[in-house]
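What follows is one structure encoded as C-alpha coordinates, with my remarks underneath.
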Amino acid sequence: MKHIHAVGRVPFNRVHISLKWLLLGAVVGVAAFFIVNLSMERIESPHFSAQLSAARLMASCIAELSAFRESLGIEIDPSVDPNLTGLIGPEFTELTTTLGNLQAKRTSTNPDFAALLVKYFKELDLKRGDPVAIGASGSFPSLLLATLCACEVLELEPLVIYSIGASEHGATHPEFTFVTMQERLVEVGLLKDSLIAVSLGGNYDTASGMFFPKARELMTEIALSSGKTFIYEEPLQASIEKRLELYLEKSAGLPSVFVNIGGASTNFGNSHLALSLDNGVLTSFSSIPKGDERGLIFEFAELGVPVIHLLNIRDLAMENGIPIDPVPLPEPGTSGVYFVDSYSLPLTLTFLFLMILCVVAGRVIKK
(Lines give C-alpha, C1' and ligand atoms only; values in the text may rest on other atoms or scores of the structure.)
Protein backbone atom coordinates (compact mmCIF):
# COMPACT_ATOMS: atom_id res chain seq x y z
CA MET A 1 0.00 0.00 0.00
CA LYS A 2 1.29 3.35 -1.00
CA HIS A 3 1.13 6.20 1.43
CA ILE A 4 0.34 9.68 0.20
CA HIS A 5 2.33 12.34 2.01
CA ALA A 6 1.24 15.93 2.26
CA VAL A 7 3.61 18.00 0.25
CA GLY A 8 4.26 21.71 0.67
CA ARG A 9 1.82 22.22 3.53
CA VAL A 10 2.43 25.69 4.95
CA PRO A 11 1.50 26.47 8.54
CA PHE A 12 -0.90 29.39 8.79
CA ASN A 13 -1.26 32.10 11.39
CA ARG A 14 -4.46 32.85 13.26
CA VAL A 15 -5.07 36.27 14.72
CA HIS A 16 -6.82 36.43 18.08
CA ILE A 17 -7.85 39.45 20.07
CA SER A 18 -7.15 39.35 23.77
CA LEU A 19 -10.46 39.37 25.64
CA LYS A 20 -9.36 42.07 28.10
CA TRP A 21 -8.36 44.41 25.26
CA LEU A 22 -11.60 43.63 23.43
CA LEU A 23 -13.57 44.57 26.55
CA LEU A 24 -11.49 47.70 26.98
CA GLY A 25 -12.26 48.66 23.37
CA ALA A 26 -15.98 48.15 24.05
CA VAL A 27 -15.80 50.36 27.15
CA VAL A 28 -14.04 53.06 25.11
CA GLY A 29 -16.77 52.81 22.46
CA VAL A 30 -19.60 53.20 25.00
CA ALA A 31 -17.78 56.13 26.63
CA ALA A 32 -17.30 57.68 23.20
CA PHE A 33 -21.02 57.45 22.47
CA PHE A 34 -22.02 59.33 25.60
CA ILE A 35 -19.18 61.86 25.68
CA VAL A 36 -19.42 62.77 21.98
CA ASN A 37 -23.20 63.19 22.34
CA LEU A 38 -22.67 65.41 25.36
CA SER A 39 -20.38 67.54 23.20
CA MET A 40 -23.15 68.06 20.64
CA GLU A 41 -24.03 71.66 19.86
CA ARG A 42 -27.12 72.92 18.06
CA ILE A 43 -26.15 75.53 15.53
CA GLU A 44 -28.37 77.57 13.28
CA SER A 45 -29.21 76.07 9.91
CA PRO A 46 -27.37 77.66 6.94
CA HIS A 47 -30.83 78.84 5.82
CA PHE A 48 -31.99 80.07 9.24
CA SER A 49 -32.75 83.61 8.06
CA ALA A 50 -34.93 82.49 5.14
CA GLN A 51 -36.64 79.86 7.30
CA LEU A 52 -37.45 82.43 9.95
CA SER A 53 -38.79 84.89 7.36
CA ALA A 54 -41.05 82.21 5.84
CA ALA A 55 -42.39 81.16 9.24
CA ARG A 56 -43.07 84.76 10.24
CA LEU A 57 -44.85 85.37 6.95
CA MET A 58 -47.01 82.31 7.53
CA ALA A 59 -47.80 83.51 11.06
CA SER A 60 -48.90 86.86 9.60
CA CYS A 61 -51.06 85.08 7.02
CA ILE A 62 -52.69 82.95 9.74
CA ALA A 63 -53.46 86.04 11.83
CA GLU A 64 -55.02 87.73 8.80
CA LEU A 65 -57.10 84.68 7.85
CA SER A 66 -58.28 84.14 11.41
CA ALA A 67 -59.53 87.73 11.66
CA PHE A 68 -61.03 87.57 8.15
CA ARG A 69 -62.88 84.34 8.92
CA GLU A 70 -64.46 85.87 12.00
CA SER A 71 -65.39 88.98 10.01
CA LEU A 72 -67.33 86.70 7.66
CA GLY A 73 -69.29 85.37 10.62
CA ILE A 74 -67.69 81.92 10.40
CA GLU A 75 -67.10 80.90 13.99
CA ILE A 76 -63.78 79.40 15.13
CA ASP A 77 -64.41 76.62 17.64
CA PRO A 78 -61.63 76.73 20.29
CA SER A 79 -62.27 73.11 21.26
CA VAL A 80 -61.33 72.10 17.70
CA ASP A 81 -58.90 74.91 16.85
CA PRO A 82 -57.38 75.93 20.22
CA ASN A 83 -54.80 78.21 18.58
CA LEU A 84 -57.62 80.03 16.74
CA THR A 85 -55.82 79.76 13.39
CA GLY A 86 -59.02 79.65 11.35
CA LEU A 87 -57.43 76.91 9.23
CA ILE A 88 -59.35 74.04 10.86
CA GLY A 89 -62.68 73.43 9.17
CA PRO A 90 -65.80 71.61 10.36
CA GLU A 91 -65.70 67.83 10.55
CA PHE A 92 -68.52 67.06 8.15
CA THR A 93 -69.87 69.31 5.37
CA GLU A 94 -70.77 69.09 1.68
CA LEU A 95 -67.04 69.36 0.89
CA THR A 96 -65.94 66.47 3.14
CA THR A 97 -64.59 63.56 1.11
CA THR A 98 -62.89 61.26 3.61
CA LEU A 99 -61.94 60.80 7.26
CA GLY A 100 -59.23 63.04 8.68
CA ASN A 101 -57.00 63.17 11.75
CA LEU A 102 -57.68 66.30 13.82
CA GLN A 103 -54.31 66.16 15.60
CA ALA A 104 -52.52 66.09 12.23
CA LYS A 105 -54.60 69.03 10.98
CA ARG A 106 -53.74 71.11 14.07
CA THR A 107 -50.06 70.15 13.92
CA SER A 108 -49.89 71.30 10.30
CA THR A 109 -50.99 74.85 11.23
CA ASN A 110 -47.57 75.47 12.84
CA PRO A 111 -45.62 78.13 10.87
CA ASP A 112 -42.55 75.94 11.35
CA PHE A 113 -43.77 74.01 8.30
CA ALA A 114 -42.96 77.05 6.16
CA ALA A 115 -39.41 76.80 7.55
CA LEU A 116 -39.40 73.10 6.64
CA LEU A 117 -40.37 73.89 3.04
CA VAL A 118 -37.51 76.39 2.83
CA LYS A 119 -35.20 73.62 4.01
CA TYR A 120 -36.55 71.23 1.35
CA PHE A 121 -36.29 73.81 -1.45
CA LYS A 122 -32.71 74.59 -0.43
CA GLU A 123 -31.84 70.89 -0.39
CA LEU A 124 -32.92 70.82 -4.03
CA ASP A 125 -30.83 73.94 -4.72
CA LEU A 126 -33.77 75.88 -6.17
CA LYS A 127 -32.99 79.37 -7.43
CA ARG A 128 -34.92 82.59 -7.72
CA GLY A 129 -37.60 82.33 -10.42
CA ASP A 130 -37.67 78.53 -10.51
CA PRO A 131 -41.20 77.19 -11.19
CA VAL A 132 -42.72 75.06 -8.42
CA ALA A 133 -45.67 72.86 -9.43
CA ILE A 134 -48.02 72.33 -6.49
CA GLY A 135 -50.91 69.88 -6.39
CA ALA A 136 -53.09 70.21 -3.28
CA SER A 137 -56.45 68.99 -2.08
CA GLY A 138 -58.38 70.96 0.52
CA SER A 139 -57.26 68.55 3.26
CA PHE A 140 -54.27 70.60 4.47
CA PRO A 141 -54.75 74.28 3.60
CA SER A 142 -52.05 75.13 6.15
CA LEU A 143 -49.43 73.08 4.28
CA LEU A 144 -50.37 74.79 1.03
CA LEU A 145 -49.99 78.12 2.84
CA ALA A 146 -46.59 77.00 4.23
CA THR A 147 -45.42 76.08 0.73
CA LEU A 148 -46.52 79.43 -0.72
CA CYS A 149 -44.81 81.37 2.10
CA ALA A 150 -41.56 79.50 1.46
CA CYS A 151 -41.87 80.27 -2.27
CA GLU A 152 -42.53 83.94 -1.51
CA VAL A 153 -39.42 84.31 0.65
CA LEU A 154 -37.17 82.44 -1.79
CA GLU A 155 -38.73 84.25 -4.78
CA LEU A 156 -39.78 81.03 -6.48
CA GLU A 157 -42.75 80.84 -8.87
CA PRO A 158 -45.53 78.64 -7.41
CA LEU A 159 -48.09 77.10 -9.76
CA VAL A 160 -51.04 75.75 -7.77
CA ILE A 161 -53.79 73.41 -8.91
CA TYR A 162 -56.29 73.10 -6.07
CA SER A 163 -58.92 70.41 -5.50
CA ILE A 164 -61.87 71.62 -3.44
CA GLY A 165 -62.74 68.33 -1.75
CA ALA A 166 -61.17 67.90 1.71
CA SER A 167 -60.89 65.32 4.45
CA GLU A 168 -62.44 66.09 7.84
CA HIS A 169 -61.29 69.35 9.47
CA GLY A 170 -59.52 70.52 6.32
CA ALA A 171 -60.82 73.47 4.27
CA THR A 172 -64.30 72.02 4.55
CA HIS A 173 -66.36 75.19 5.10
CA PRO A 174 -68.00 76.05 1.75
CA GLU A 175 -67.47 79.78 2.37
CA PHE A 176 -63.87 79.42 3.46
CA THR A 177 -61.99 77.17 1.03
CA PHE A 178 -58.41 77.92 0.07
CA VAL A 179 -59.77 79.81 -2.95
CA THR A 180 -61.23 82.38 -0.53
CA MET A 181 -58.15 82.29 1.71
CA GLN A 182 -55.77 83.07 -1.12
CA GLU A 183 -57.98 85.82 -2.52
CA ARG A 184 -57.83 87.56 0.86
CA LEU A 185 -54.06 87.16 1.25
CA VAL A 186 -53.50 88.53 -2.26
CA GLU A 187 -55.87 91.41 -1.56
CA VAL A 188 -53.92 92.52 1.55
CA GLY A 189 -50.56 92.03 -0.18
CA LEU A 190 -49.19 89.10 1.82
CA LEU A 191 -48.99 86.67 -1.12
CA LYS A 192 -49.08 86.70 -4.91
CA ASP A 193 -51.85 84.97 -6.85
CA SER A 194 -50.46 81.52 -7.70
CA LEU A 195 -53.67 79.60 -8.41
CA ILE A 196 -53.73 78.42 -12.01
CA ALA A 197 -56.61 75.91 -11.92
CA VAL A 198 -59.30 74.42 -9.69
CA SER A 199 -61.03 71.03 -9.73
CA LEU A 200 -63.70 69.32 -7.64
CA GLY A 201 -61.47 66.69 -6.09
CA GLY A 202 -62.89 63.65 -4.34
CA ASN A 203 -63.09 60.27 -6.06
CA TYR A 204 -61.65 60.40 -9.59
CA ASP A 205 -61.40 64.20 -9.22
CA THR A 206 -65.10 64.47 -10.12
CA ALA A 207 -66.63 64.53 -6.61
CA SER A 208 -68.04 61.05 -7.15
CA GLY A 209 -69.75 59.36 -4.22
CA MET A 210 -70.05 62.45 -2.02
CA PHE A 211 -72.08 62.26 1.20
CA PHE A 212 -74.56 65.02 0.30
CA PRO A 213 -76.72 64.86 -2.87
CA LYS A 214 -76.02 68.47 -3.92
CA ALA A 215 -72.32 68.43 -3.01
CA ARG A 216 -71.08 68.32 -6.60
CA GLU A 217 -73.31 71.23 -7.56
CA LEU A 218 -71.97 73.35 -4.69
CA MET A 219 -68.34 72.41 -5.41
CA THR A 220 -68.79 73.28 -9.08
CA GLU A 221 -70.16 76.68 -8.09
CA ILE A 222 -67.10 77.32 -5.89
CA ALA A 223 -64.74 76.25 -8.67
CA LEU A 224 -66.38 78.46 -11.30
CA SER A 225 -66.51 81.46 -8.96
CA SER A 226 -62.71 81.32 -8.59
CA GLY A 227 -62.30 82.63 -12.13
CA LYS A 228 -59.52 80.09 -12.72
CA THR A 229 -59.30 77.27 -15.23
CA PHE A 230 -61.87 74.64 -14.19
CA ILE A 231 -60.64 71.08 -14.66
CA TYR A 232 -63.37 68.47 -15.05
CA GLU A 233 -62.21 65.51 -17.09
CA GLU A 234 -63.21 61.86 -17.32
CA PRO A 235 -61.66 59.36 -16.88
CA LEU A 236 -59.11 60.13 -14.14
CA GLN A 237 -56.18 59.79 -16.56
CA ALA A 238 -57.59 62.65 -18.65
CA SER A 239 -57.62 64.88 -15.56
CA ILE A 240 -54.00 63.91 -14.83
CA GLU A 241 -52.97 64.69 -18.40
CA LYS A 242 -54.77 68.07 -18.32
CA ARG A 243 -52.90 69.02 -15.15
CA LEU A 244 -49.56 67.94 -16.55
CA GLU A 245 -50.23 69.98 -19.68
CA LEU A 246 -51.01 73.09 -17.59
CA TYR A 247 -47.93 72.70 -15.39
CA LEU A 248 -45.64 72.32 -18.40
CA GLU A 249 -47.25 75.26 -20.17
CA LYS A 250 -46.97 77.61 -17.18
CA SER A 251 -43.42 76.44 -16.43
CA ALA A 252 -42.35 76.99 -20.05
CA GLY A 253 -40.79 73.53 -19.78
CA LEU A 254 -40.36 71.33 -16.75
CA PRO A 255 -40.98 72.66 -13.26
CA SER A 256 -38.05 72.44 -10.83
CA VAL A 257 -40.05 70.37 -8.35
CA PHE A 258 -43.53 68.95 -7.82
CA VAL A 259 -45.06 69.38 -4.35
CA ASN A 260 -47.87 67.00 -3.42
CA ILE A 261 -50.05 68.11 -0.49
CA GLY A 262 -52.62 65.64 0.80
CA GLY A 263 -54.01 62.65 -1.05
CA ALA A 264 -55.63 63.98 -4.23
CA SER A 265 -56.46 61.13 -6.59
CA THR A 266 -54.85 62.92 -9.55
CA ASN A 267 -51.54 63.11 -7.70
CA PHE A 268 -51.62 59.52 -6.46
CA GLY A 269 -53.31 57.79 -9.38
CA ASN A 270 -54.59 54.25 -8.87
CA SER A 271 -51.27 52.61 -8.06
CA HIS A 272 -50.76 51.01 -4.65
CA LEU A 273 -47.11 52.12 -4.88
CA ALA A 274 -48.18 55.67 -3.99
CA LEU A 275 -49.26 54.47 -0.54
CA SER A 276 -45.73 53.33 0.32
CA LEU A 277 -43.94 56.55 -0.62
CA ASP A 278 -41.73 58.22 1.97
CA ASN A 279 -42.52 61.74 3.11
CA GLY A 280 -40.31 64.71 2.32
CA VAL A 281 -37.94 65.10 -0.62
CA LEU A 282 -37.99 62.25 -3.15
CA THR A 283 -35.31 62.31 -5.82
CA SER A 284 -35.33 58.61 -6.73
CA PHE A 285 -38.04 55.95 -6.93
CA SER A 286 -37.56 52.20 -6.60
CA SER A 287 -40.38 51.63 -9.06
CA ILE A 288 -42.52 53.78 -11.33
CA PRO A 289 -45.85 52.26 -12.43
CA LYS A 290 -46.80 52.21 -16.08
CA GLY A 291 -49.97 53.08 -17.89
CA ASP A 292 -53.15 54.73 -16.65
CA GLU A 293 -52.65 53.81 -13.00
CA ARG A 294 -49.99 56.38 -12.14
CA GLY A 295 -50.67 59.89 -10.88
CA LEU A 296 -48.72 63.13 -11.18
CA ILE A 297 -46.17 62.08 -8.56
CA PHE A 298 -44.99 59.32 -10.88
CA GLU A 299 -45.49 61.32 -14.07
CA PHE A 300 -43.02 63.90 -12.78
CA ALA A 301 -40.68 61.20 -11.46
CA GLU A 302 -40.59 59.71 -14.96
CA LEU A 303 -39.62 63.14 -16.30
CA GLY A 304 -36.79 63.43 -13.78
CA VAL A 305 -38.52 66.10 -11.68
CA PRO A 306 -37.98 65.72 -7.90
CA VAL A 307 -41.04 65.42 -5.67
CA ILE A 308 -41.80 66.81 -2.21
CA HIS A 309 -44.42 64.56 -0.64
CA LEU A 310 -46.42 66.02 2.28
CA LEU A 311 -48.93 63.62 3.75
CA ASN A 312 -47.94 61.86 6.99
CA ILE A 313 -47.84 64.95 9.19
CA ARG A 314 -46.82 63.26 12.44
CA ASP A 315 -43.76 61.65 10.86
CA LEU A 316 -42.84 64.86 9.03
CA ALA A 317 -43.00 66.79 12.29
CA MET A 318 -41.06 64.27 14.38
CA GLU A 319 -38.31 63.85 11.80
CA ASN A 320 -37.75 67.59 11.60
CA GLY A 321 -38.02 68.73 15.21
CA ILE A 322 -41.48 70.26 14.87
CA PRO A 323 -43.72 69.78 17.93
CA ILE A 324 -46.89 67.69 17.69
CA ASP A 325 -50.17 69.57 18.23
CA PRO A 326 -48.70 72.35 20.42
CA VAL A 327 -50.82 74.86 22.33
CA PRO A 328 -49.86 77.64 21.97
CA LEU A 329 -47.92 77.52 18.71
CA PRO A 330 -44.17 77.98 19.33
CA GLU A 331 -42.39 81.20 18.48
CA PRO A 332 -40.85 80.94 14.98
CA GLY A 333 -37.12 80.17 15.15
CA THR A 334 -37.17 77.98 18.27
CA SER A 335 -38.00 74.47 17.00
CA GLY A 336 -35.53 71.85 15.82
CA VAL A 337 -36.20 72.50 12.12
CA TYR A 338 -34.15 75.71 12.32
CA PHE A 339 -31.03 74.01 13.68
CA VAL A 340 -28.49 71.30 12.84
CA ASP A 341 -26.56 69.15 15.31
CA SER A 342 -22.79 69.63 15.36
CA TYR A 343 -20.41 67.14 17.02
CA SER A 344 -16.76 67.67 18.04
CA LEU A 345 -14.62 66.23 15.25
CA PRO A 346 -11.37 66.16 17.33
CA LEU A 347 -13.15 64.30 20.13
CA THR A 348 -14.69 61.82 17.71
CA LEU A 349 -11.32 61.13 16.04
CA THR A 350 -9.62 60.73 19.44
CA PHE A 351 -12.04 58.03 20.55
CA LEU A 352 -11.80 56.31 17.17
CA PHE A 353 -8.01 56.23 17.53
CA LEU A 354 -8.29 54.77 21.06
CA MET A 355 -10.64 52.02 19.87
CA ILE A 356 -8.27 51.08 17.03
CA LEU A 357 -5.36 51.15 19.50
CA CYS A 358 -7.18 48.67 21.76
CA VAL A 359 -7.65 46.28 18.83
CA VAL A 360 -4.03 46.55 17.70
CA ALA A 361 -2.62 46.21 21.23
CA GLY A 362 -4.80 43.18 21.90
CA ARG A 363 -3.77 41.19 18.85
CA VAL A 364 -2.23 37.83 19.77
CA ILE A 365 -0.72 35.87 16.92
CA LYS A 366 -0.75 32.08 17.28
CA LYS A 367 0.60 29.45 14.92
*Rel. contact order, % - alpha carbon contacts under 8 angstrom, at least six apart, segment 62-156*: 27 percent
*Could you pull the Rg and Dmax for segment 207-358, using just the Cα atoms, both in Å?*
22.0, 76
*Could you pull out every whole DSSP H run in the chain that spans at least 30 Å of Cα extent along its own axis and averages 0.0 or higher on the Kyte-Doolittle scale?*
48-71
*Short version: what are the Cα gyration tensor semi-axes of segment 150-262, square root of 5 times each eigenvalue, largest first, in whole Å?*
23, 19, 12
*asked:* Compute and list, largest first, the equivalent-ellipsoid semi-axes of segment 75-137 from the alpha carbon gyration tensor, each √(5λ) rounded to a whole angstrom.
replied: 29, 15, 10
*Intensity falloff of segment 196-263 expressed as log10 I(q)/I(0), Debye formula with alpha-carbon point scatterers, at q = 0.17, 0.19, 0.21, 0.22 Å⁻¹*: -0.68, -0.83, -0.97, -1.04
*Write down the radius of gyration of the chain and its Dmax, each obtained from C-alpha positions, in Å.*
27.3, 111
*asked:* For the chain, what does the helix formula give at 222 nm: sum of -39500 (n - 2.57) over DSSP H segments with n ≥ 4, over the residue count, nearest 500 deg cm²/dmol?
replied: -12500 deg cm²/dmol
*So what is the diffusion coefficient of segment 233-320 in µm² per second by Stokes-Einstein at 20 °C and 1.002 mPa s, using a Kirkwood Rh over Cα pairs?*
161 µm²/s
*LYS290: accessible area at probe 1.4 Å, nearest 10 Å²?*
130 Å²
_Rolling a 1.4 Å sphere over the protein heavy atoms, what is the accessible area per residue of the chain, to the nearest Å²?_
49 Å²
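Taking a temperature of 4 °C and a viscosity of 1.567 mPa s, what whole-number D in µm²/s does Stokes-Einstein yield for segment 152-201 with Rh from Kirkwood over alpha carbon pairs? Intermediate results must be reported in sequence, preceding the final value.
Working: Rh = 11.9 Å.
Translational D for this selection: 109 µm²/s.
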*Output the antiparallel fraction of DSSP beta bridges having both residues in the chain, as a percent to the nearest 5.*
35 percent
*Indicate the gyration tensor shape class of segment 228-282 (rounded, prolate or oblate), computed on the Cα atoms with a ≥ b ≥ c the square roots of the eigenvalues: a/c under 1.5 is rounded; otherwise a/b larger than b/c is prolate and the rest oblate.*
oblate
*Quick one: if you take sqrt(5λ) for each eigenvalue of the C-alpha gyration tensor of segment 270-328, what semi-axes come out, biggest first, whole angstrom?*
28, 12, 8
*Using only Cα atoms, figure out Rg for segment 110-200 and give it as a multiple of 2.2 N^0.38 Å.*
1.05
_segment 211-307 - percent of accessible surface contributed by carbon and sulfur, probe 1.4 Å_ = 49 percent
*log10 I(q)/I(0), Debye, Cα-only segment 87-240, no solvent, q = 0.16, 0.18 Å⁻¹?*
-0.88, -1.08
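The values are calculated or read from the model by the stated rules, or taken from the named source; none is laboratory data. Small disclaimer: the values here were computed from a predicted structure and weren't measured. We work out accessible area using only protein heavy atoms, side chains counted, and drop any ligands, DNA or RNA first. Shrake-Rupley method; radii C 1.70, N 1.55, O 1.52, S 1.80 Å.
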